[in-house]
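Quick notes on the structure that follows.
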Amino acid sequence: MAKKKQKSAKAKPTARKTIKTAKKAARSPKGKGGLALSGIRVLDMTHVQSGPTCTQLLAWLGADVIKVERPGTGDATRGQLRDVPNVDSLYFTMLNHNKRSITLNPKSPVGNKIFARLIEECDVMVENFAPGAIDRMGFPWEKIQKINPRMVYASVKGFGPGPYEDCKVYENVAQCTGGSASTTGEIGRVPLVTGAQIGDSGTGLHLALGIVAALLQRERTGRGQRVTCAMQDGVLNLCRVKLRDQQRLAHGPLKEYPQYPNIPFGPAVPRAGNASGGGQPGWIVKCKGWETDPDAYSYVIAQAAAFPALAKAIGREDWLTDPEWNTPEARLPKLDKMFEIIEQWTMTKTKFEVMDILNPLDVPCGPILSMKELAEEPSLRKTGTVVEVDHPTRGKYLTVGNPIKLSDSPTKVVRSPLLGEHTDEILRGVVGFSKKDIEEARKTGAV
Ligand code: CAO
């Protein structure tokens, strides 16, 4: 007992001291401590979209990201979907900001040694090649660990261990195998993929979180670890609510789905058009100009709490006293009719007017914004979510900046590197090569 008392008496000043130190730190000028991931060096063996999404985030958070690219060609996306001849594509530039580029062939004898030196000098290695590709380069995890036991080694693959683990996977394959496509689309029509890159960028996001957690754990254990994210798993995680509904289905029809009560449910969660994924009825309704503008629509949620205000706004105050309409249960079997009536009203307003009228009434709603509108939206420019970047060969272009805002680690978006732009700088500054070493490495084709 006495011992316990002693312990807690000891703990109190420590907690107070910690708060005191934090208060002092809070008064020190911002930016003095660098960015969130300052001092972390990333060996970036990623290509296409999922891996680069992850390393771009790490770079935005302050890590020194060294992108390793095949000499001569680099990341294949540099040349894909080009809008301007002989210039790095937007596909590449928009996924590789704030990184340095070194050309290096780890499969060549000299390249192999340089790569091993880079493993020694880095904290994190990220890759998203086909299964086994890094092993075939001569660097299985066991060897990486041996070279640098502090290394956090992170990979994206299409599938986790199992029947498909050797498969190559792109975005839409992940959407189809992760449950997104089977639950997306109009009722009774073909499965649809979504424009949001939940397989690639979604998995890159998951991986970045795993890396940051592993770095934090390394602070305590002193050792790195393997971080893996399968795209199928990432998509399924984002489709979590649909697996919820799959289990609810065993206990009766999904009453909030537009199928209810007229269309029978099968054994699996069906596609539900634009119905809300939550318990609140929602739908996309036409707005003024829909005949010519493909994006003149709004999403409106007829949440029970805001229903009286919504009914009044659209001129249907009678709904509030009519037992056919005045309870969520009464409305449930005729949500399609309800949204048709709401649409008669929204069609008389622009999507922005609908937002301006319904938002103050606490009716959750939102205009369907086109990419053009998003690109031109001043508030997104102001917050750095949409940024204009200058590039030496392509000129000015727009990109999506860091959506994660840290008050003490502001993001400055820096253009993507040209192929091998930092090869000499990295060989000198990180690998420790002399001018002569660099020349020799270049002669052998290793860089
Ligand atoms: N120097 C020399 N060779 C290099 C190199 C370098 N710097 N970088 C990569 N390579 C080689 C690899 O060693 C590999 O060669 P081997 O197959 O002979 O071992 C090859 O280039 C790349 O292989 P890959 O199979 O990964 O490339 P791919 O274009 O055929 O496939 C993809 C692309 C995306 C389908 C596949 O990489 C994959 O399934 N990745 C995992 C899942 C994933 O991330 N998918 C998302 C794709 S979009 O973000």
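Assuming G39 fulfils every condition listed in (1) surrounded by fewer than 17 Cβ atoms within 10 Å (Cβ to Cβ); (2) within 15 Å of the ligand (Cβ to nearest atom) apart from one, which condition is it?
Going through (1) surrounded by fewer than 17 Cβ atoms within 10 Å (Cβ to Cβ); (2) within 15 Å of the ligand (Cβ to nearest atom) one by one, G39 breaks only (2).
When you go through (1) part of a helix (DSSP H, G or I); (2) within 27 Å of K99 (Cβ to Cβ); (3) away from the ligand (no atom under 14 Å from the Cβ) one by one for D135, which number turns out not to apply?
It fails just one condition, (3).
Given (1) within 37 Å of the chain's Cα centre (by Cα); (2) free of Cβ contacts under 8 Å to residues at least 60 places away in the same chain; (3) in a loop (DSSP other than H, G, I, E, B), where does K349 come up short, assuming only one miss?
Condition not satisfied by K349: (2).
Name the one entry in E373, E421, E377 that is in contact with a Lys or Arg (Cβ under 8 Å, 6 or more places away or on another chain) and acidic (D, E). Don't jump to the end; show me each part of the working.
Numbers: E373 fails: in contact with a Lys or Arg (Cβ under 8 Å, 6 or more places away or on another chain); E377 fails: in contact with a Lys or Arg (Cβ under 8 Å, 6 or more places away or on another chain).
Step by step, each of E373, E421, E377 is checked, and only E421 is in contact with a Lys or Arg (Cβ under 8 Å, 6 or more places away or on another chain) and acidic (D, E).
For the range 214-231, give me the residue count where each residue is crowded, with 17+ Cβ neighbours inside 10 Å and either assigned to a helix (DSSP H, G or I) or at pLDDT below 95 (or both).
4
Would you pick out the residues in the range 50-76 that are closer than 24 Å to A196 by Cβ, small (G, A, S) and within 9 Å of the ligand (Cβ to nearest atom)?
Matches in the range 50-76: S50, G51, A76.
Is it the case, given these coordinates, that G33 is more than 16 Å from the ligand (Cβ to nearest atom) and either closer than 24 Å to E171 by Cβ or touching a residue at least 60 places away in the same chain (Cβ under 8 Å) (or both)? Give the derivation first.
On the way: more than 16 Å from the ligand (Cβ to nearest atom): yes; either closer than 24 Å to E171 by Cβ or touching a residue at least 60 places away in the same chain (Cβ under 8 Å) (or both): yes.
Yes: the conditions hold for G33.
Please tell me if T393 is closer than 29 Å to L58 by Cα and polar (S, T, N, Q).
The answer is yes for T393.
Between G72, G62, which is of a type in the set (G, A, S) and more than 18 Å from the chain's Cα centre (by Cα)?
On the way: G62 fails: more than 18 Å from the chain's Cα centre (by Cα).
The unique qualifying residue is G72.
When the residues of the range 151-164 are narrowed to those that are part of a loop (DSSP other than H, G, I, E, B) and within 14 Å of the ligand (Cβ to nearest atom), which ends up surrounded by the most Cβ atoms within 10 Å (Cβ to Cβ)?
So the first thing to find is which residues in the range 151-164 are part of a loop (DSSP other than H, G, I, E, B), and the list is 151, 158-164.
Still in the running and within 14 Å of the ligand (Cβ to nearest atom): 158-160, 164.
Numbers: G158: 24, F159: 20, G160: 13, Y164: 16.
This residue is G158.
Suppose we filter V193, V152 for residues that are over 28 Å from Q217 (Cβ atoms) and assigned by TED's automatic domain parsing to the domain that holds R218; which single one remains? Walk me through it before giving the result.
Numbers: V152 fails: over 28 Å from Q217 (Cβ atoms).
The conditions single out V193.
Just one of (1) within 14 Å of the ligand (Cβ to nearest atom); (2) surrounded by 17 or more Cβ atoms within 10 Å (Cβ to Cβ) trips up G79, so point out which.
Here G79 clears every test but (2).
List the number of the failed condition for R41; all other conditions in (1) at pLDDT 80 or above; (2) farther than 30 Å from F115 by Cβ hold.
(2)
The rows are residues; the columns are (1) exposed (fewer than 14 other Cβ atoms within 10 Å of the Cβ); (2) away from the ligand (no atom under 16 Å from the Cβ); (3) not in a loop (DSSP other than H, G, I, E, B).
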site	(1), (2), (3)
P149	yes, yes, no
D166	yes, no, no
V169	no, no, no
G179	no, yes, no
A208	no, no, yes
I211	no, no, yes
D233	no, no, yes
L254	no, yes, no
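The values are calculated or read from the model by the stated rules, or taken from the named source; none is laboratory data. Bear in mind that the values here come from a model prediction, so they are computed numbers and not experimental data. Cβ sites come from the backbone with ideal geometry, for glycine too, and all protein chains shown count toward neighbours.
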